[in-house]
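Take a look at the structure below.
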Amino acid sequence: MPHQQTAGPTRRQIFEARQRRKSLVIASASTITVVVALIVLVPLAPGWSKVQQSFFNGAVLAKSFPKLLDAFMINVMIFAWSAPAIAVLGLLIALARDAKSPALFPLRIFGAAFTDIFRGVPVILTVYLIGFGIPGLGLPRPWNSPYIWGSLALVLTYSAYVAEIFRSGIDSVHKSQRAAALSLGLSERQVMQDVVLPQAVRNVVPAQMNMLIALQKDVSLLSFIGPVEIFRQAGVFKSLMANFTPYVGAAIIFLIVTIPATRYADYLMARQMRERS
Amino acid sequence: MAKIELRGVVKRFGENTVCDGIDLDVSEGEMVCLIGSSGAGKSTLLRCINLLEPIEDGAIFLDGQDISVPGLDPQAVRARIGMVFQSFNLFPHKSALENALLAPRRVRGQSRADILPEVEALFARFGLADRMHNYPDQLSGGQQQRVAIVRALAMRPEVMLFDEITSALDPQLVGEVLDVLLTLKSEGITMVMATHEMGFAREAADKVCFLKDGRIIEEGPAAKLFDHPQHAETQAFLARALK
Ligand SMILES: Nc1ncnc2c1ncn2[C@@H]1O[C@H](COP(=O)(O)OP(=O)(O)OP(=O)(O)O)[C@@H](O)[C@H]1O
Ligand SMILES: [Mg+2]
């Protein structure tokens with residue numbers, strides 16, 4: 001019997017649709033149960049009213065939120081100039097570490113030392129040392145600004161990590177690509193620039209996205225050397241209002257930015273996994 | 001003077017001698033096939049000719065010029081010798097056309113507009129006109145390998161090296177790639193190829209070399225080598241290969 005194209009869905013499609021509905025119902029039911037339990041049970045805890053008063057205070061949140069948002073713009077600003085600097089410096093360090101010609105040997109040593117040092121020291125320490133140390137040399141304004149030196153500390157630390165990720169990307173490009181490019185008469189430099197790097201960079205985009213997200217959060221470390229960014233601003237409100245809710249507000253603002261970014265990075269990662277397999 | 005002359009070429013990887021004193025002449029316009037079992041050193045020999053591997057001893061001449069002198073800039077030599085690989089090795093981030101344009105632009109410094117007509121004509125000649133703008137992962141194996149050949153030809157090489165270029169292809173795609181080789185042969189381009197396609201070697205090669213353990217055990221015109229192999233080892237190999 002010839003195969004007949006029927007108008008409606010096939011048996012299989014009907015079956016799968018029913019399966020999907022069933023899992024959706026089960027997932028929703030269990031989620032609702034957990035959420036309701038939390039809402040009902042947590043307030044029954046003896047200290048709840050106190051916690052609610054000092055961490056989830058609607059009035060305090062409403063009052064501090066706009067100022068927190070303003071302060072967050074400082075985070076965004078520091079992020080916006082640090083991120084491109086990190087990308088460039090990270091790539092240069094990665095290339096320096098893989099330099100082959102003997103004339104560039106000092107560069108390799110430098111690259112290796114750089115990544116070892118800045119990956120080996122806690123970010124906050126680097127921020128302190130550079131952020132207080134360099135202006136301490138008695139530089140004139142505006143060169144004593146903690147914005148400059150704090151950002152530099154972030155750039156140096158993050159470049160070290162980003163460089164290692166770029167290197168893993170360069171390693172991930174198969175040797176045969178190099179052979180093919182060389183066989184066409186391209187120079188080592190052209191092979192790197194036209195064939196290896198474009199693939200390497202693309203391979204590490206998801207990993208670098210995660211570095212960006214981490215950087216966005218670590219910008220707050222600069223609060224320890226001066227800039228009144230969101231974390232510091234929340235601290236000011238906390239002292240002023242004797243209430244911790246501004247910190248919760250700050251956390252909410254971070255999550256509004258980082259959750260979509262994290263989801264996107266995961267999506268890129270998953271897509272790459274699919275493409276590789 | 002032959003186009004390519006190998007004299008006592010020795011190549012080692014550590015203790016492992018992979019080319020053990022190879023002598024070979026390839027005349028202008030000649031098609032030479034290298035046959036032999038896996039690990040015989042066919043790929044390595046081709047890579048040595050293209051200076052992708054430095055040799056330990058012996059010499060390689062291209063048009064009488066020693067291209068194996070240590071310290072010689074390999075780029076100029078490689079630009080004159082095209083190579084096609086078993087695994088295609090197209091650049092996955094570039095379209096077929098951009099794959100072929102890269103080397104003429106970068107190495108010969110030609111402008112895109114200058115070479116575009118010539119390269120487009122190459123694509124058209126090998127039945128790829130409507131595939132030019134596809135990326136490698138949108139092409140079949142046979143198409144990818146033809147693009148790889150076009151990419152090498154875009155440099156107007158004097159010699160082409162082919163390393164088992166049909167081994168990674170589905171059987172029904174082998175023919176379209178071998179046809180390209182026949183076209184090139186009819187145009188008189190000098191070719192050296194490693195191959196497991198005995199039928200093709202017999203039909204198309206001017207000269208066939210049988211390699212074993214890094215040595216050329218026997219060489220001669222295709223018909224002679226296939227029909228009347230002199231050495232026991234050649235006979236044994238052919239008996240297995242033609243079974
Ligand atoms: N880069 C390398 N480093 C170390 N050993 C190598 C390298 N390339 C090849 N060899 C060795 O050299 C020998 C010859 O390899 P080659 O690839 O030239 O053989 P082949 O004749 O092309 O074989 P096949 O038919 O499988 O392609 C093998 O023993 C292989 O392990
Ligand atoms: Mg091989």
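Please verify whether B:MET83 is closer than 17 Å to B:THR190 by Cα, in contact with an Asp or Glu (Cβ under 8 Å, 6 or more places away or on another chain) and within 15 Å of ligand 1 (Cβ to nearest atom), treating the condition exactly as stated.
yes
Give the residues of the range A:166-176 that are crowded, with 18+ Cβ neighbours inside 10 Å and not basic (Lys, Arg), sorted by residue number.
Listed by number, the residues that qualify are A:PHE166, A:GLY169, A:ILE170, A:VAL173.
Can you go through B:LEU102, B:LEU52 and tell me which one is facing chain A (nearest Cβ under 10 Å) and away from ligand 2 (no atom under 16 Å from the Cβ)?
Only one candidate passes the filter, namely B:LEU102.
Could you tell me which numbered condition A:VAL34 fails, if it satisfies all but one of (1) at pLDDT below 90; (2) aliphatic (A, V, I, L, M); (3) open to solvent by 80 Å² or more (accessible area, probe 1.4 Å)?
Among (1) at pLDDT below 90; (2) aliphatic (A, V, I, L, M); (3) open to solvent by 80 Å² or more (accessible area, probe 1.4 Å), A:VAL34 violates only (1).
For the range A:77-86, state whether one or more residues are among the hydrophobic types (A, V, I, L, M, F, W, C), out of contact with any helix residue (DSSP H, G or I) (no Cβ under 7 Å at 6 or more places or on another chain) and surrounded by fewer than 19 Cβ atoms within 10 Å (Cβ to Cβ).
yes
Taking the condition of a type in the set (Lys, Arg), more than 16 Å from ligand 1 (Cβ to nearest atom) and part of a helix (DSSP H, G or I), does B:ARG47 pass?
When the stated conditions are applied, B:ARG47 does not pass them.
So, B:LEU6, is that one crowded, with 18+ Cβ neighbours inside 10 Å and more than 16 Å from ligand 2 (Cβ to nearest atom) or not?
yes
Give the residue that is farthest from the chain's Cα centre (by Cα), with candidates limited to residues of the range B:71-86 that are among the small types (Gly, Ala, Ser) and buried (at least 17 other Cβ atoms within 10 Å of the Cβ).
Taking the candidates together, the pick is B:ALA79.
Of all the residues that make up the range B:59-75, how many are of a type in the set (D, E, K, R) and part of a strand (DSSP E or B)?
1
Here is a list of conditions, (1) of a type in the set (Lys, Arg); (2) within 16 Å of ligand 2 (Cβ to nearest atom); (3) without any contact (Cβ under 8 Å) to a residue 40 or more places away in the chain, and B:ARG78 meets all of them except one; can you say which number that is?
(2)
Could you list, in sequence order, all residues of the range A:160-213 that are of a type in the set (Asp, Glu) and more than 29 Å from B:VAL84 (Cα to Cα)?
Across the range A:160-213, the qualifying residue is only A:GLU164.
A:ALA160: more than 14 Å from chain B (Cβ to nearest Cβ), at pLDDT 95 or above and in a helix (DSSP H, G or I), yes or no?
yes
Pairs only if they're at least six apart or on different chains, beta carbon under 9 angstrom, first in the range B:37-48 and within 8 Å of ligand 2 (Cβ to nearest atom), second among the polar types (S, T, N, Q); list them, first residue then second.
That search, which allows pairs on different chains as well, returns B:LYS42/B:THR195; B:SER43/B:GLN86.
Helices (runs of 4 or more DSSP H) wholly in the range B:139-236 with at least 1 residues that are open to solvent by 30 Å² or more (accessible area, probe 1.4 Å) and within 14 Å of another protein chain (Cβ to nearest Cβ) - which ones?
In the range B:139-236, the matching helices (runs of 4 or more DSSP H) lie at B:141-153.
If A:GLY185 meets every condition in (1) over 14 Å from A:THR157 (Cβ atoms); (2) in a helix (DSSP H, G or I); (3) open to solvent by less than 30 Å² (accessible area, probe 1.4 Å) apart from one, which number is that one?
(2)
For the range B:11-44, which positions are away from ligand 1 (no atom under 13 Å from the Cβ) and either within 17 Å of the chain's Cα centre (by Cα) or open to solvent by less than 50 Å² (accessible area, probe 1.4 Å) (or both)?
B:GLY21, B:LEU24, B:ASP25, B:VAL26, B:SER27, B:GLU28, B:GLY29, B:GLU30, B:MET31, B:VAL32 - these are the residues of the range B:11-44 that are away from ligand 1 (no atom under 13 Å from the Cβ) and either within 17 Å of the chain's Cα centre (by Cα) or open to solvent by less than 50 Å² (accessible area, probe 1.4 Å) (or both).
Inside the range B:184-217, can you point out the residues that are touching a His at 6+ places or on another chain (Cβ under 8 Å) and more than 16 Å from ligand 2 (Cβ to nearest atom)?
The one that is touching a His at 6+ places or on another chain (Cβ under 8 Å) and more than 16 Å from ligand 2 (Cβ to nearest atom): B:ILE217.
Could you list all residues from the range B:105-138 that are within 12 Å of another protein chain (Cβ to nearest Cβ) and basic (Lys, Arg)?
B:ARG105, B:ARG106, B:ARG108
Looking only at the range A:181-222, count how many residues are touching a residue at least 24 places away in the same chain (Cβ under 8 Å), aliphatic (A, V, I, L, M) and under 30 Å from B:GLY109 (Cα atoms).
5
The values are calculated or read from the model by the stated rules, or taken from the named source; none is laboratory data. Just so it is clear, the structure is predicted and the values come from calculations on it, not from any experiment. Cβ sites come from the backbone with ideal geometry, for glycine too, and all protein chains shown count toward neighbours. Please note that ligands, DNA and RNA were not included when accessible areas were found on the heavy atoms of the full protein model with its side chains. Shrake-Rupley method; radii C 1.70, N 1.55, O 1.52, S 1.80 Å.
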